[in-house]
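The values are calculated or read from the model by the stated rules, or taken from the named source; none is laboratory data. Since this is a predicted model, take the numbers as computed values, not measurements. Quick reminder, even Gly has a Cβ in these numbers, built from the backbone with ideal geometry, and neighbours come from all protein chains shown.
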Amino acid sequence: MTETLLHNDKVISIHNLCKSFGDNKVLDGFNLELNRGETLVVLGRSGSGKSVLIKCIIGLMEPDAGEINVLGQNMLSLDHEQLDRLRVQIGFLFQSNALYDSMTVRENLEFPMRRHWYKISQEETNSRIKEVLENVGLPHTADMVPAELSGGMQKRIALARTLILNPDIILYDEPTTGLDPITGREITNLMGEIQDKYKTSAIVISHDMRCVKATADKIIVLLNGKCYAQGTFDELKSSNDKNIKQFFE
């Protein structure tokens, strides 16, 4: 967990975000601010809109109303090319890992570099692959395929892929879900190491309170589509509000 923020500036600012599916208002005037160098955790019950929120931030889903500013740019006004350029600066760790089964680890890591607008030499590509695999503790896996890896190893490779473009921001969608407690703790520790080394800012969606406690500089409780409460882990844990206490019991 970051003890001191690098700067007091905002890398993500969300105001009055709304998203409905039919009559179901998933986000209903939601607000959020993420500072540079900060890790923010969004807590909410299943179906509360947490994953919808980060899909809106990355541009995979379009909100009905509101503002999303990322690294000083209005996400909702960008064309496809501008959005592609901005996405280079945002890493997204999918809950399912989203690795390509037919590709080797190396090919999975090369894929983001090949599909973005700028060109990277093969020498630089090889250097980055070597670096990120070492940073996630799996330097020997480059020529393996995902089926040869354990669940925890696959999660590490997915994290390596989010790092391959040196993002300023990482969005984590349930990073420890489906992992045993020991492996979950290893991934949580790795998230902290990544933040310390790369000075990334992060939004974490998680039900794993050990992960939340270890990583969060600030926590937001998402309830009824709104930012119901926010504070540090200790501040929210000591709350007498039953809507907040349910997450800490």
Please count how many residues of the range 97-114 are without any contact (Cβ under 8 Å) to a residue 12 or more places away in the chain and surrounded by 12 or more Cβ atoms within 10 Å (Cβ to Cβ). 1
Residues (surrounded by 15 or more Cβ atoms within 10 Å (Cβ to Cβ) and small (Gly, Ala, Ser)) located in the range 227-242: Ala229, Gly231, Ser239
Any chance you could count how many residues in the range 47-60 are without any contact (Cβ under 8 Å) to a residue 40 or more places away in the chain and either surrounded by fewer than 18 Cβ atoms within 10 Å (Cβ to Cβ) or under 16 Å from Gly91 (Cβ atoms) (or both)? 4
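Please go through the range 87-108 and give me each residue that is aliphatic (A, V, I, L, M) and at pLDDT 90 or above, ordered by number.
Those that are aliphatic (A, V, I, L, M) and at pLDDT 90 or above: Ile90, Met103, Val105.
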For the range 115-156, what are the residues that are within 23 Å of Lys197 (Cα to Cα), in a loop (DSSP other than H, G, I, E, B) and free of Cβ contacts under 8 Å to residues at least 40 places away in the same chain? Ile120, Leu138, Pro139, His140, Thr141, Ala142
Listed by first then second residue, the pairs whose first member lies in the range 206-217 and is closer than 16 Å to Gln246 by Cβ, whose partner is assigned to a loop (DSSP other than H, G, I, E, B) and among the polar types (S, T, N, Q), with beta carbons under 9 Å and at least 6 positions apart or on separate chains, are Ser206/Thr176; Ser206/Thr177; His207/Ser46; His207/Thr176; His207/Thr177; Asp208/Thr176; Asp208/Thr177; Val212/Ser206
Only one of Leu190, Leu159, Leu171, Leu165 is surrounded by fewer than 21 Cβ atoms within 10 Å (Cβ to Cβ), within 25 Å of Leu60 (Cα to Cα), touching a residue at least 40 places away in the same chain (Cβ under 8 Å) and out of contact with any Ser or Thr (no Cβ under 7 Å at 6 or more places or on another chain); which? Leu165
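Going by what's in this entry, would Ile120 be described as surrounded by 15 or more Cβ atoms within 10 Å (Cβ to Cβ), among the β-branched types (Val, Ile, Thr) and under 30 Å from Ala142 (Cβ atoms)?
Criteria met by Ile120.
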